[in-house]
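The values are calculated or read from the model by the stated rules, or taken from the named source; none is laboratory data. These numbers were taken from a predicted model, which means no experiment stands behind them. Cβ placement follows ideal geometry from the backbone for every residue including glycine, while neighbour counts extend to all protein chains displayed. Heavy atoms of the whole protein, side chains included, go into the accessibility calculation; ligands, DNA and RNA do not. Shrake-Rupley method; radii C 1.70, N 1.55, O 1.52, S 1.80 Å.
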Amino acid sequence: MVLKGVAASPGKAAGNILVIQDIPEYDREEKSTAAAQESIRRVDEAIDELNCEMESLSKRLSTAGDDMKAAMVQMHAAMLTDKILRTEIEKEINRGYSPPAAVARAAYRQQKLLLSLNDTLMKERAQDVKDVSKRLICRLTGQTYPDLSDLRGEAIIVSDNLLPSMLTSANGKVKGLIMAKGSKTSHVAILAANMGIPAVLGCASIENLHDGEFVFLDAVSGTVYSGLSDEKIRWARGEDVQYRSKLDRLSVWKNRKSVTKDGKRIHVLANIMDASVTDQLMENGADGVGLFRTEFLYMNRETMPNEDEQFVIYQNVAKKLKGRPLTIRTMDIGADKTASCLKMEKEENPSLGYRAIRICLDRPEILKVQLAAALRASVFGKIKIMFPMISGTEELDRALEILNDVKAELEKKEIPFDKNVSVGIMIEVPSAAVLADKLVGKADFFSIGSNDLTQYTLAADRLNGRVSHLYSHLNPAVLRLIRNTIDTANKNGKTCSVCGEMAADPAALPILIGMGLKNISVNPPSVLLMKNLIGLSDQSRLAVLAEQAVEAETPQQVLALVKDTVSQEYKNWY
Amino acid sequence: MYSQTILIKNPSGLHARPATRLVILTKKYKSTIEIVHDNVVVDPKSILSLLSGELRPGTRVEVRAEGEDEELAVKEICEYIDALEE
């Protein structure tokens with residue numbers, strides 16, 4: 001049987017499962033005839049007791065260097081002793097409810113409040129309130145709280161909704177986690193990732209899994225395999241071992257700079273959608289951020305993000321990068337994305353319509369706010385500004401004019417910024433690739449957006465099942481446009497990078513290296529693999545491959561050329 | 001009454017970890033303290049109040065205190081918020 005869920009913490013594990021039953025919700029209508037004062041005293045006593053235990057646990061965890069867990073326990077202790085919660089519990093007791101019911105009622109109200117906020121992080125805190133309240137209720141009723149701190153053998157935990165505190169107290173025997181509820185931003189997911197425990201959350205049909213049975217957990221694809229034959233079990237154990245071994249081999253690249261076999265330095269940067277993955281990319285030794293997609297700033301909100309909000313975000317990421325470049329792409333939204341603050345009208349053809357820089361040049365106030373925020377942040381790190389969807393010199397000229405206006409305004413207000421901030425463009429509209437020689441004088445760098453470039457060049461929507469077979473970034477037409485762009489940049493001493501999916505495609509990388517590309521920008525999980533592949537490449541050999549590739553007629557021919565050229569060792573990685 | 005305005009700059013705003021430390025910090029002051037922005041009033045001595053107060057990065061807040069240690073409380077709280085990095 002195959003169950004699907006969300007890969008919330010990466011990894012693979014093969015082993016036997018342990019099913020943890022949920023603690024049922026306490027009856028919130030239960031009344032008590034005991035004196036209110038006595039009930040309140042009991043609650044206070046239980047809170048004190050539990051608080052003491054949490055404090056000693058948090059001290060133990062801190063001493064052991066387990067800061068993440070310690071902080072979580074401290075937060076739980078703060079929730080347990082929260083004055084508002086205490087007031088609410090007392091109110092419910094005075095209304096005649098029993099101590100556990102009063103706690104359940106008060107906690108429920110606080111959970112609802114947190115769930116009503118338009119903030120994923122805060123919604124997760126509701127789980128923490130639930131966790132704390134369940135512990136307190138168990139203390140009041142004398143029920144035992146499930147304990148993972150004493151597991152005898154290794155186990156993959158299966159639960160409807162495991163509470164975070166159970167994971168913090170878990171000993172090293174937890175091999176994996178499968179939950180029916182939860183998502184990537186759940187506290188449990190974060191804890192699991194921190195502890196290196198593979199986890200699949202939001203998993204369908206877990207009631208079909210039985211205590212003690214053997215499963216294979218693939219928390220890379222978000223799949224759980226159960227009911228395996230002996231042969232399959234051997235396969236699963238093999239996958240487990242293989243995965244761990246690959247990770248180990250790639251981890252040597254964390255602190256190494258990616259250089260080809262013949263000594264050519266190729267930078268591997270990362271594409272990010274928000275600030276949260278910055279730590280991960282720094283850990284994997286990425287050379288910087290080659291694309292900071294700023295769309296999230298505008299999505300799912302009624303009002304536009306103001307200068308302060310944007311400045312704070314850019315500044316934080318810039319600081320974390322410790323001098324490595326942060327390439328901020330200005331707003332790249334069209335009618336196909338939900339950004340209600342932009343008040344976009346429906347369009348017949350959004351990918352060929354009013355989007356990105358076109359909106360910004362038409363409504364410069366949007367661009368000015370973003371540029372001002374980026375410039376202010378440039379004092380805190382190496383900011384680069386990038387304009388998307390540029391189709392010709394007029395647009396670039398106009399955008400640069402607006403940038404100069406913003407610089408002048410900041411100077412008048414005596415707000416500091418990097419006067420030599422680097423400004424470049426995305427090459428994704430084919431006309432820009434064709435006229436690269438006219439654009440290169442006005443831009444500090446080019447970044448090739450291979451997804452859109454391929455789409456526009458072949459006039460095929462990769463999401464349209466009928467024509468997606470036409471979409472391929474290995475199509476020689478696309479390769480020629482890319483070669484032209486790279487050549488133009490190199491001849492004029494400007495930087496060029498590729499930031500679309502092509503950059504993380506092991507079959508395309510050899511061609512790009514062969515064309516003389518010196519920078520790629522990929523999603524953080526791909527950084528180590530790409531560094532490894534670069535280390536297995538010989539640029540001068542690949543230059544020959546690149547020349548052959550652009551003379552091919554079809555993407556299939558190109559792929560065959562790549563396969564014939566790269567070493568077996570290279571091929572083993574994909 | 002003493003008050004001061006400060007900008008919340010750190011990436012996750014006043015979420016779990018910074019909020020917990022702020023509660024521990026403010027509990028020792030005798031004054032009643034409020035953190036105000038737009039129409040929201042937050043009691044920093046309560047973690048639940050802080051978490052539901054939507055104190056996101058980029059928000060300018062007013063820290064107000066009333067009591068014998070009001071000036072110290074406001075100053076130290078503002079220093080704490082200003083120094084947040086995570």
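Using Cα centres only, tell me the gap between segment A:85-103 and segment A:37-54 in whole Å.
Value for the Cα centre distance between the two parts: 13 Å.
For chain B, what does -39500 (n - 2.57) per DSSP helix run (n ≥ 4), summed and divided by total residues, give at 222 nm, in deg cm²/dmol to the nearest 500?
Theoretical 222 nm ellipticity from helices: -10500 deg cm²/dmol.
Leaving out ligands, DNA and RNA, calculate the buried accessible area for the pair B and A with a 1.4 Å probe, summed over both sides, in Å² to the nearest 100.
So the total buried area for this chain pair works out to about 2200 Å².
What are the ³J(HN,Hα) couplings of segment A:493-499, residue after residue, when phi is run through the Karplus curve with 6.51, -1.76, 1.60 and θ = phi - 60°? Round to Hz, x for glycine and proline.
x, 10, 6, 9, 9, 10, 10
With every protein chain present, what is the per residue accessible area of segment A:333-386 (1.4 Å probe, Å²)?
Per residue, segment A:333-386 has an accessible area of 46 Å².
Hey, which lysines would be in cross-link range of residue B:75, C-alpha to C-alpha under 28 Å, not counting anything within fewer than 8 residues on its own chain?
Excluding near neighbours in sequence, the set is A:83, A:319, A:320, A:413, B:9, B:27, B:28, B:30, B:45.
Ranked highest first by average number of other Cβ atoms within 10 Å, how do A:62-72, A:320-330 line up?
Descending packing order for the listed peptides: A:320-330, A:62-72.
In whole Å, what is the distance between the alpha-carbon centres of segment A:167-208 and segment A:486-530?
Cα centroid to Cα centroid, the span is 36 Å.
Which distance in Å, rounded to a whole number, links the C-alpha centroids of segment A:405-432 and segment A:255-314?
Segment A:405-432 and segment A:255-314 have Cα centres separated by 18 Å.
Determine one quarter of the surface area of the Cα convex hull of segment A:187-315, which equals its mean projected area, and express it in nm² to one decimal.
Hull-based average projected area comes out at 12.7 nm².
Across peptide A:275-285, how many C-beta atoms of other chains are within 10 Å of each residue C-beta, on average?
Mean partner-chain Cβ count within 10 Å for A:275-285: 1.
If I model segment A:3-107 as equal point scatterers sitting on the Cα atoms and use the Debye formula, what is log10 I(q)/I(0) at q = 0.18 Å⁻¹?
Scattering profile of segment A:3-107, log10 relative to I(0): -0.95.
How large is the helix-only mean residue ellipticity at 222 nm for chain A, computed as the sum of -39500 (n - 2.57) over DSSP H runs with n ≥ 4, divided by its residue count, in deg cm²/dmol to the nearest 500?
-14500 deg cm²/dmol
Per-residue Cβ counts within 10 Å, from other chains only, averaged over B:37-48: what number is that? Numbers along the way, then the final one.
Values: counts 0, 0, 0, 0, 0, 0, 3, 0, 3, 9, 15, 14.
Per residue, the number of nearby Cβ atoms from other chains is 4 on average.
Principal axes first, then extents: for the Cα atoms of segment A:74-228, list largest minus smallest coordinate on each axis, whole Å, largest first.
Answer, in whole Å and largest first: 56, 37, 28 Å.
Within segment A:108-208, count lysine pairs with alpha carbon atoms under 16 angstrom apart where the residues are 8 or more positions apart or belong to different chains.
6
In whole Hz and in residue order, list the ³J(HN,Hα) couplings for segment A:134-142 that follow from phi through the Karplus curve 6.51 cos²θ - 1.76 cosθ + 1.60, θ = phi - 60°; x for Gly and Pro.
Each residue of segment A:134-142 in turn: 5, 4, 5, 5, 4, 4, 6, 9, x Hz.
From the convex hull of the Cα coordinates of segment A:421-562, what is the mean projected area in square nanometres?
Taking the Cα atoms of segment A:421-562, their convex hull projects to 8.8 nm² on average.
Could you please state how large a percent of the accessible area of chain B is carbon and sulfur, counting protein chains only and using a 1.4 Å probe? Present the calculation step by step, with values, prior to reporting the outcome.
Working: 1790 of 3810 Å².
The C+S portion of the solvent-accessible surface of chain B is 47 percent.
Relative contact order for segment B:2-83 using alpha-carbon pairs under 8 Å, separation at least 6, rounded to a whole percent?
46
What ³J(HN,Hα) values, in whole Hz, does the Karplus curve 6.51 cos²θ - 1.76 cosθ + 1.60 give for segment A:236-248 when θ = phi - 60°, with x put for Gly and Pro?
4, 4, x, 4, 4, 5, 4, 4, 4, 5, 5, 4, 4
When the dipole is taken about the Cα centre of chain A, and only Lys, Arg (+1) and Asp, Glu (-1) are charged at their Cβ, what size is it in debye, to the nearest 20?
1140
Counting heavy atoms of the protein chains only and a 1.4 Å probe, report the per residue accessible area for segment A:60-189 as a whole number of Å².
39
Over all alpha-carbon pairs in segment A:488-574, figure out the percentage whose distance exceeds 21 Å. Let's see the in-between values first.
Numbers: 1043 of 3741 pairs.
Value for segment A:488-574 (Cα pairs over 21 Å): 28 percent.
Quick one: compute the contact order of segment A:151-237, relative version, from alpha carbon pairs under 8 angstrom and 6+ residues apart, as a percent.
It comes to 22 percent, rounded to a whole number.
Could you tell me the ratio Rg/Rh of the protein assembly as shown? Both radii from Cα atoms, Rh via Kirkwood. It would help to have the intermediate numbers written out before the result.
Numbers: Rg = 28.0 Å, Rh = 27.8 Å.
Dividing the radius of gyration by the Kirkwood radius yields 1.01.
Have a look at the DSSP beta bridges in chain A and tell me what percent are antiparallel, nearest 5.
Of the beta bridges lying entirely in chain A, close to 30 percent run antiparallel.
How large is log10 I(q)/I(0) at q = 0.24 Å⁻¹ when the Debye formula is applied to the Cα atoms of segment A:324-430, each weighted equally and without solvent?
-1.35
I'd like the mean, over residues of B:9-15, of how many other protein chain beta carbons sit within 10 Å of each residue's own Cβ.
Mean partner shielding for this stretch: 5.
Evaluate Rg over Rh across segment B:2-83, taking Cα atoms for both radii and Kirkwood's formula for Rh.
Details: Rg = 11.1 Å, Rh = 12.2 Å.
Answer for segment B:2-83: 0.91.
Looking at segment A:281-365, what % of the alpha carbon pairs are farther apart than 22 Å?
35
If you take the charge dipole of segment B:34-86 about its Cα centre, with +1 on Lys and Arg Cβ and -1 on Asp and Glu Cβ, which of B:46, B:57, B:36 is farthest toward its positive end?
Projecting each Cα onto the dipole axis, the largest value belongs to B:57.
What angle, in degrees between 0 and 90 and rounded to the nearest 10, separates the Cα long axis of helix B:16-27 from the longest principal axis of the Cα atoms of chain B?
Between helix and principal axis, roughly 0 degrees.
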